[in-house]
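All remarks here apply to the structure that follows.
Quick note: the coordinates plus some simple rules give every number you see, no bench work behind them. Remember, predicted model here, so these are calculated numbers, not experimental data. Cβ placement follows ideal geometry from the backbone for every residue including glycine, while neighbour counts extend to all protein chains displayed.
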Amino acid sequence: MKLHLSFLIFLSTTLLAAGFFLKADLLHTITQNSVKTVTADPVMEPINQQENKDYGIGPAKNIKLGPIDPKMVMKGKDLFNNKCLLCHELDQKKIGPPLRNITKTRTPEYIMNLLLNTVKMQQDDPVVKELITIYKVPMTPPDFTPEQVRSVLEYLRSVAK
């Protein structure tokens, strides 16, 4: 009996220690002589913008970005603070994922399509569907115009590290 109890204590302590060292947000898997980083949050998983032009589902196609437009940034910041900040922070998880570096991990078309075509993206896009399973709540469509979405994108570009 003492041996079983000792073994159970040892086993649970070992599992707890192992869980401490395995971060839920970042797991490393080894694949044929290389290390691949797998994130638990698909919005933070980088995409290869050249090979995988993931535009999402919607009207935005082949967006050409120039230098960051300060006027659009200010409009986008106001829109973000009024509509998005309830569920999204820039640097930490809230009701939804953090968005500071979303422009580094998703194409401009993808971001714009998510904001313009939220319901369809939630129904058919695998990344958005996975986010809903992680965060347990779908995104409320922000009802932005295309110009407003472009301003929010410009704001997100301006805050990216």
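log10 I(q)/I(0), Debye, Cα-only segment 55-161, no solvent, q = 0.12, 0.13, 0.18 Å⁻¹?
So the normalised log intensities work out to -0.36, -0.42, -0.85.
Cα centroids of segment 99-121 and segment 137-156: how far apart, whole angstrom?
Spelled out, the Cα-based centre of one part sits 9 Å from the other.
Determine, for Ser151, Ser158, the number of other Cβ atoms within 10 Å of each Cβ, and report the residues in order from fewest to most. List each step's numbers first, then the result.
Values: Ser151 23, Ser158 16.
Listed from fewest to most nearby Cβ atoms, that is Ser158, Ser151.
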